[in-house]
Amino acid sequence: MAQDFAPWLILVAVYGAPLLHVMLSRRGGPWRPPPGTRCPFGPRAGWVVMVLILGPIGWLMFVMRNGRRSRPGRSPGA
């Protein structure tokens, strides 16, 4: 019986968990686009699409992008 759950576990670990992280993260950006833009999707919807298409690579791009934000009082190069 454990063999039947292995593919589902892989799918949840590789696609489900990163997708859930992007959807629930506070740093993902708004769901709606900024005013004045012509794109109908917001930044968070774009990240969700990237994670759906690229899987773990899209999630790594999301994590690395959020990790590079500068903290107050620190220079960007430090």
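The values are calculated or read from the model by the stated rules, or taken from the named source; none is laboratory data. Bear in mind the structure is a predicted one, so any value in this text is a computation, not a measurement. As a convention, Cβ positions derive from the backbone with ideal geometry for all residues, glycine included, and neighbour counts pool all protein chains shown.
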* Please enumerate the residues belonging to the range 28-55 that are closer than 30 Å to I10 by Cα and modelled with pLDDT under 90. => G28, G29, G55
* Quickly run through the range 16-43 and pick out the residues that are over 11 Å from the mean Cα position of the chain (by Cα) and among the hydroxyl-bearing types (S, T, Y). => T37
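To keep it simple, each residue is scored yes or no on (1) farther than 16 Å from R65 by Cα; (2) surrounded by 13 or more Cβ atoms within 10 Å (Cβ to Cβ).
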{"position": "P7", "(1), (2)": "yes, no"}
{"position": "P33", "(1), (2)": "yes, yes"}
{"position": "W47", "(1), (2)": "no, yes"}
{"position": "L54", "(1), (2)": "no, yes"}
* **Cβ-Cβ under 8 Å pairs, at least 6 apart or on other chains, the range 11-27 side modelled with pLDDT of 90 or more, far side of a type in the set (D, E, K, R)** => V22/R44; M23/R44
